[in-house]
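Asks: Shown below is the structure under consideration.
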Amino acid sequence: MAHQLLKGKRGIISGALDENSIAWKVALKCFEEGATFTLTNAPIAMRMGEIKKLAEKTNATIIPCDATNVEEINKLFTDSQEVLGGKIDFVLHSIGMSVNIRKNIPYTELNYDFFQKGIDVSALSFHKMLASAYKLDALNEHASVVALSYIAAQRAYPFYTDMADIKAMLESIARTFGYHYGKQKKVRVNTISQSPTKTTAGSGIKGFSDFYNFADLQSPLGNASADDCAAFCVAMFSDLTRMVTMQNLYHDGGYSSTGVSTEQLEKFV
Ligand SMILES: NC(=O)c1ccc[n+]([C@@H]2O[C@H](COP(=O)([O-])OP(=O)(O)OC[C@H]3O[C@@H](n4cnc5c(N)ncnc54)[C@H](O)[C@@H]3O)[C@@H](O)[C@H]2O)c1
């Protein structure tokens, strides 16, 4: 049920590749809640993806942008303000890619060119987006910027390889930029640490479906779905959370606070 929580708000949503993408669900929910926004993705993904269908459903304009390219990011913010008719109120960073994961390279044998590519795409892109918005003064006061993270930033998850270190950097950028942007313009910056979710990026991780089931059994509420994540993003974009900033917020059905669940233990009885 929609509450028009984002009525009158203008946003930028990155990372909608197909209907399984978390960003796809966020776009649908933001539209239901009355927001107007632009959609963006890497030009190469756009040809493969189905983003046009999403744009039609949500009356959104698509602005291609490789999130590693500062000029393209500047254009994204400038064009978005023009298309939407004013400064931006919310931004979703939903971008992640590790070549080491794609190629099943173990953590102890990481390829450093791939590692650097992963850092650039999945973490530095967040700094670049924030820095571009900051320099162009593209965001309204109390605007909300959210990036998606994973608990491997805090705990060891062997199969998550270099993305664990990259997510730790992403969360640190949220804290540090959140400080500067909060001081300058009361803009808030947070990360949401999401449950394993069946998407293109998620399913690319070795052993993902076993791990998905493990996390589901471990979490008192079960895994949080992409739809639930979208609802949480709406809450974070809305004025109801206007004093929340510089946080890494677990959205995981209680997984991060559970030592062991009875369902897991029963497997050893
Ligand atoms: N799926 C999960 O289990 C899970 C769990 C926690 C966090 N996350 C995070 O959620 C975010 C979204 O991932 P998803 O699971 O929806 O998968 P997804 O594959 O649908 O989305 C990843 C997106 O990143 C985009 N991207 C890659 N390189 C880019 C570039 N250079 N410029 C611009 N965009 C680029 C892709 O085109 C794609 O749309 C990622 O940051 C991911 O790490 C996912």
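Asks: Of the residues that sit in the range 245-269 and are farther than 17 Å from ILE151 by Cα and surrounded by 15 or more Cβ atoms within 10 Å (Cβ to Cβ), which one is modelled with the lowest pLDDT?
Replies: If we take residues in the range 245-269 being farther than 17 Å from ILE151 by Cα and surrounded by 15 or more Cβ atoms within 10 Å (Cβ to Cβ), then SER261 is modelled with the lowest pLDDT.
Asks: Among all residue pairs at least 6 apart or on different chains, which show Cβ distances below 9 Å where the first residue, located in the range 117-143, is closer than 17 Å to GLU72 by Cβ and without any contact (Cβ under 8 Å) to a residue 60 or more places away in the chain and the second is more than 12 Å from the ligand (Cβ to nearest atom) and among the charged types (D, E, K, R)?
Replies: Every condition considered, the pairs that remain are TYR134/LYS185.
To keep it simple, each residue is scored yes or no on (1) more than 9 Å from the ligand (Cβ to nearest atom); (2) surrounded by fewer than 22 Cβ atoms within 10 Å (Cβ to Cβ); (3) among the acidic types (Asp, Glu).
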| residue | (1), (2), (3) |
| --- | --- |
| LEU28 | yes, yes, no |
| PHE31 | yes, yes, no |
| PRO43 | no, yes, no |
| GLU56 | yes, yes, yes |
| ASN69 | no, yes, no |
| LEU76 | yes, no, no |
| GLY85 | yes, yes, no |
| VAL91 | yes, no, no |
| SER94 | no, no, no |
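Asks: Here is a follow-up. Out of all the residues in the range 1-13, which are crowded, with 24+ Cβ neighbours inside 10 Å and small (Gly, Ala, Ser)?
Replies: The one that is crowded, with 24+ Cβ neighbours inside 10 Å and small (Gly, Ala, Ser): GLY11.
Asks: Filter the range 70-103 down to the residues that are closer than 28 Å to GLN116 by Cα, free of Cβ contacts under 8 Å to residues at least 24 places away in the same chain and part of a helix (DSSP H, G or I) and list them by number.
Replies: GLU71, GLU72, LYS75, VAL99
Asks: Could you list, in sequence order, the residues of the range 62-85 that are in contact with a strand residue (DSSP E or B) (Cβ under 6 Å, 6 or more places away or on another chain) and farther than 18 Å from MET46 by Cα? If you could, list the steps in order and put the result at the bottom.
Replies: The first filter runs over the range 62-85 and keeps only residues in contact with a strand residue (DSSP E or B) (Cβ under 6 Å, 6 or more places away or on another chain), leaving 62-63, 65, 76, 80, 83-84.
Within the range 62-85, VAL83, LEU84 meet the criteria.
Asks: Can you name the number of the only condition in (1) within 15 Å of the chain's Cα centre (by Cα); (2) free of Cβ contacts under 8 Å to residues at least 40 places away in the same chain that LYS7 fails?
Replies: Just one mismatch for LYS7, condition (1).
Asks: Under 18 Å from the mean Cα position of the chain (by Cα), within 15 Å of the ligand (Cβ to nearest atom) and acidic (Asp, Glu) - does that describe any residue in the range 204-214?
Replies: For the range 204-214, residues under 18 Å from the mean Cα position of the chain (by Cα), within 15 Å of the ligand (Cβ to nearest atom) and acidic (Asp, Glu): absent.
Asks: Sort out which residues of the range 10-23 are in contact (Cβ under 8 Å) with a residue 40 or more places away in the chain, within 15 Å of the ligand (Cβ to nearest atom) and on the phi < 0 side of the Ramachandran plot, and write them in order of number.
Replies: ILE12, ILE13, SER14, ALA16, LEU17, ASP18, ASN20, SER21, ILE22, ALA23
Asks: Restricted to the range 223-269, and to residues that are part of a helix (DSSP H, G or I) and of a type in the set (D, E, K, R), which residue is farthest from HIS142 (Cα to Cα)? Working first, answer last.
Replies: Filtering the range 223-269 down to residues part of a helix (DSSP H, G or I) leaves 226-237, 239-241, 255-257, 262-266.
Applying the additional criterion that residues be of a type in the set (D, E, K, R) yields 227-228, 239, 263, 266.
Working: ASP227: 25, ASP228: 23, ASP239: 8, GLU263: 43, GLU266: 47 Å.
Once the filter is applied, the top-ranked residue is GLU266.
Asks: Cβ-Cβ under 7 Å, sequence separation 6+ or interchain: first residue in the range 170-199 and without any contact (Cβ under 8 Å) to a residue 60 or more places away in the chain, partner charged (D, E, K, R) and within 15 Å of the ligand (Cβ to nearest atom). Which pairs?
Replies: THR191/GLU171
The values are calculated or read from the model by the stated rules, or taken from the named source; none is laboratory data. Note that this is a predicted model, so its numbers are computed, not measured. Don't worry about glycine lacking a Cβ; one is built from the backbone with ideal geometry, like all the others, and counts go over all protein chains shown.
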